[in-house]
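Below is one structure; the comments refer to it alone.
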Amino acid sequence: MTAPDPPVGSPGPAGAARSRGAGDARGRLVLVTGADASGLGRLGRAIGERLGDSVVVDGQVLDSMLVGPSRGEHAEALTGVALVRRQLLRWSAGLALAETYLIEGYDVVVADRVEGDRVEDYLDLAAPEPVHLVVVGTGIDPATPGWGLWVTTPPDPDDAESLAGTAAEVVERLVESVVDTAATD
């Protein structure tokens, strides 16, 4: 006899990975964010590996899919409304991809730089989906709401052991990261 899968929204015993099966409930949506986006994709992948059946959506990868004049040096000059529109486009695309897998029972880890008052914008896009918000590192915009799980010591993205340790901590404490998007309005 095998143990039942932990309920959606909990990391399971000691952060154990869940496995999917026919008729499984929705997966969990995890947003991993921080001031330094360079290592978020690697940390997101390490967290996804710990969760079991999961998909990682990396905001930097979505940005790299853009081609043409809005890419490259012109993108660096984006400010104001143009910058917000581009962020919302990337976040909407990432959430649309995430939704495809969530309904099939996969956990989805989105690794993207979302901070300041933009965290609430992201959560509004994700609503009514509960979001496991994981904020990594220091130097975060002080306007960032104090929701979710804050990991103040970021892992070294080039050190597999450091990434694995931080990922293990996040998965172990995942229940602390839940943000009820219906309550953020």
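Every read-out reported here was derived from the displayed coordinates using simple, explicitly stated rules and does not represent laboratory data. Everything numeric in this text was worked out from a predicted model, so none of it was measured. We place every Cβ from the backbone using ideal geometry, glycine too, and count neighbours over all the protein chains shown.
Report relative contact order for the stretch 26-183 in percent, whole number only (criteria: Cα-Cα under 8 Å, sequence separation at least 6).
Relative contact order here is 36 percent.
Magnitude of the Cβ-charge dipole of the stretch 26-183, K/R +1 and D/E -1, about the Cα centre, nearest 20 debye?
Rounded to the nearest 20 debye, it is 360 debye.
For D58, list long-range residues whose amide hydrogen, built 1.01 Å from N in the peptide plane, is under 5 Å from its own amide hydrogen.
A111
State the answer as a single residue: which of A168, T138, L149 lies farthest towards the positive end of the charge dipole of the stretch 126-185, with beta carbon charges of +1 for Lys and Arg and -1 for Asp and Glu, about the Cα centre.
Farthest along the dipole direction, towards plus: L149.
The stretch 26-183: D in µm²/s via Stokes-Einstein (Kirkwood Rh, Cα pairs, 10 °C, 1.306 mPa s)?
Rounded, D is 101 µm²/s.
Assign one of three labels to the stretch 114-155, namely rounded, prolate or oblate, based on the Cα gyration tensor with a ≥ b ≥ c the square roots of its eigenvalues; rounded applies when a/c is under 1.5, prolate when it is not and a/b is larger than b/c, and oblate otherwise.
Oblate is the answer for the stretch 114-155, as a/c is 1.5 or above yet b/c matches or exceeds a/b.
How far apart, in nanometres, would the label points at R86 and R113 be if each is projected 7 angstrom from Cα along the Cα-to-Cβ direction?
My value for the distance between the label points is 1.1 nm.
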